[in-house]
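Down below is the structure, laid out as structure tokens.
The values are calculated or read from the model by the stated rules, or taken from the named source; none is laboratory data. Not measured: the values here are computed from a predicted model. Every residue, glycine among them, receives a Cβ derived from its backbone with ideal geometry; neighbour counts consider all protein chains shown.
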Amino acid sequence: MAKKVAVLVVNPVNGAGLFQYLEAFFENGIPYRTFAVSESTDVKTNSGISMQTDDVIANLKGHENEYDALVFACGDAMPKFGENADMQFNQDMLVVMKNFADKGKTMIGHCAAALLYDTLGIAEGKRVALHPFIKTVVKSCIGTDEKAVVDGNFYTAQTENTLGELIPELLKVLK
């Protein structure tokens, strides 16, 4: 039986990355729900396309046991996070990420995902793929130059352009 996935959708999200995950899940019968890291389910992509998520991050908090894996779909995540770090939705996102990791669930992300994992201390000693611009910033995880990396329960890709190398490995664990 396929594993159930919670997908975190920042606002604005990188549509090219998000839609690769969602299409792969849909085509392979992997159940998922999208959660806006926002106060509402209305989000936009970096290119301005409006979309509606299934729910908001506040409603995922405390329900981590209902899912087997967590995807962090990047976008303008770090600049927007920096501008809104004190907002409850961002605080909820960090709690949810930590709860998933503490339960040993599959952690999936690209671009800045590994930076958030590093900041939370949940990927200590793990090899990760991350955006080349932030490689020097990570401290507790091991930033690599690889396009995609699987290390234990952490599945990471550098950018949305390298998700094609990660998704086949991801599907093996989620199917």
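Among the residues of the range 10-66 satisfying the criterion of being among the acidic types (Asp, Glu) and more than 19 Å from residue 97 (Cα to Cα), which is surrounded by the fewest Cβ atoms within 10 Å (Cβ to Cβ)? By that ranking, first place goes to 27. Scanning the range 140-175 for residues that are assigned to a loop (DSSP other than H, G, I, E, B) and exposed (fewer than 15 other Cβ atoms within 10 Å of the Cβ) yields a total of 4.
Given the residues 44, 103, 98, which is the only one that is among the basic types (Lys, Arg) and over 21 Å from residue 153 (Cβ atoms)?
So the residue among 44, 103, 98 that is among the basic types (Lys, Arg) and over 21 Å from residue 153 (Cβ atoms) is 44.
Figure legend. Inter-residue proximity from the range 116-137: first residues among the hydrophobic types (A, V, I, L, M, F, W, C), second residues in a loop (DSSP other than H, G, I, E, B) and exposed (fewer than 15 other Cβ atoms within 10 Å of the Cβ), beta-carbon distance below 8 Å, spacing 6+ or different chains. Indicated pairs: 123/140.
Considering the range 112-127, and only residues there that are touching a helix residue (DSSP H, G or I) at 6+ places or on another chain (Cβ under 6 Å) and over 17 Å from residue 13 (Cβ atoms), the residue that is surrounded by the fewest Cβ atoms within 10 Å (Cβ to Cβ) turns out to be 120.
Can residue 58 be described as within 11 Å of residue 10 (Cβ to Cβ), at pLDDT 95 or above, of a type outside the set (Phe, Trp, Tyr) and touching a helix residue (DSSP H, G or I) at 6+ places or on another chain (Cβ under 9 Å)?
It is false that residue 58 is within 11 Å of residue 10 (Cβ to Cβ), at pLDDT 95 or above, of a type outside the set (Phe, Trp, Tyr) and touching a helix residue (DSSP H, G or I) at 6+ places or on another chain (Cβ under 9 Å).
In the range 143-152, is there at least one residue being without any contact (Cβ under 8 Å) to a residue 40 or more places away in the chain and touching a Cys at 6+ places or on another chain (Cβ under 9 Å)? Checking the range 143-152: at least one residue is without any contact (Cβ under 8 Å) to a residue 40 or more places away in the chain and touching a Cys at 6+ places or on another chain (Cβ under 9 Å). Screening residue 90 with (1) at pLDDT below 95; (2) over 16 Å from the mean Cα position of the chain (by Cα) gives one miss only, at (2). The lone criterion from (1) outside any strand (DSSP E or B); (2) crowded, with 17+ Cβ neighbours inside 10 Å; (3) in contact with a Leu (Cβ under 8 Å, 6 or more places away or on another chain) left unmet by residue 137 is number (2). Listed conditions (1) closer than 20 Å to residue 17 by Cβ; (2) crowded, with 17+ Cβ neighbours inside 10 Å; (3) not charged (D, E, K, R) are all met by residue 99, apart from (1). The criterion of at least 1 residues that are in contact with a Pro (Cβ under 6 Å, 6 or more places away or on another chain) is met, among strands (runs of 3 or more DSSP E) falling completely within the range 1-118, by 42-44.
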